[in-house]
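> Here it is: the structure, laid out below.
The values are calculated or read from the model by the stated rules, or taken from the named source; none is laboratory data. Please read these numbers as outputs of a predicted model, since none were measured by experiment. With ideal geometry, Cβ positions are generated from the backbone for all residues, glycine too; neighbour counts draw on all protein chains shown.
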Amino acid sequence: MQKHFITVFLIVAVGVFTSGSSSSIITGPLPGMGFVLIPGGSFMMGSLPSEPRHEDDESPRHKVTLEPFHMQTTEVTQAQWKAVIGSNPSHFKGDSLPVEEVSWDDVQEFILKLNQMDSGKGYRLPTEVEWEYACRAGTNTTYYSGIDEAGLERVCWYKDNSESRTHPVRMKEPNAWGLYDMHGNVWEWCEDWYHDNYNGAPTDGSARLSSSSGIRVIRGGSWYYFAGVCRSANRFYHDPSSSRGDLGFRLVRSAD
């Protein structure tokens, strides 16, 4: 499977050595915003060459150990975006729909203003490591719903069921840690600059903040793409100054 347009990639491996489930939802400062505690632990990030549709940028598979953090249960909605920015750039309009048509640079403005509104919480984009760890929620299968596409309908808006548009958040089943739409609906920006492999990647959950690529990581697939693109290990990228109608984000914050 070749990388094309704005997506491609795969997944596979990850054995998480954590136990227990996320804590109850912590209410955020914006309409309908909630966070759950993602427990600290270790997992194997990336995929093995033997995995179907393996891509070189998913290698080498490597162990990462993370500290706990809070992740937003949903993608940022249009109502939440408007509460901070005042306008709505989205192609598909609806307060409960994920905001899209937002660039990485736009998201940084949103985060800056949100931290000014609700100081001390440390709102930010997830690192790529945090994103995959949280998406898997202790699983080592292709999707958090299972090894193949059979269960994907329950958890994901993608090309086969989306009717070529975004859908309200929380309409599909969450993963074991209470996170919705980690597969599909809209792509999600991460903090990291994109690298085409995991050589030298952090093993502590931090972001890769130096690169000559000039492009930022996006994760999760979207309503526009087929199931394989929505896999837990699938990675892609986009120019930080550009946007599209299937690209949004969710936030993390300090676990303190």
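> Can you name every residue in segment 14-44 that is at pLDDT below 95 and crowded, with 22+ Cβ neighbours inside 10 Å?
Result: V14, S22.
> Turning to a different aspect of this structure: Looking at M71 and the list (1) aliphatic (A, V, I, L, M); (2) outside any strand (DSSP E or B); (3) modelled with pLDDT of 95 or more, which single condition is not satisfied?
(2)
> Restricted to segment 87-145, and to residues that are in a helix (DSSP H, G or I) and either without any contact (Cβ under 8 Å) to a residue 12 or more places away in the chain or β-branched (V, I, T) (or both), which residue is surrounded by the fewest Cβ atoms within 10 Å (Cβ to Cβ)?
Q116
> From S164, S206, which residue is hydroxyl-bearing (S, T, Y), more than 13 Å from the chain's Cα centre (by Cα), under 20 Å from G40 (Cβ atoms) and at pLDDT 95 or above?
The match here is S206.
> Follow-up question, since we're still on this one. Can you tell me which residue within segment 146-178, out of those that are not in a loop (DSSP other than H, G, I, E, B) and not hydrophobic (A, V, I, L, M, F, W, C), is surrounded by the most Cβ atoms within 10 Å (Cβ to Cβ)?
Per the stated criteria, the residue is E149.
> Return only the number of the condition from (1) surrounded by 16 or more Cβ atoms within 10 Å (Cβ to Cβ); (2) at pLDDT below 85; (3) not charged (D, E, K, R) that S50 does not satisfy.
So S50 meets the others, but not (1).
> Give the residue, chosen from G228, G214, that is surrounded by fewer than 24 Cβ atoms within 10 Å (Cβ to Cβ) and outside any loop (DSSP other than H, G, I, E, B).
Matching residue, one of G228, G214: G228.
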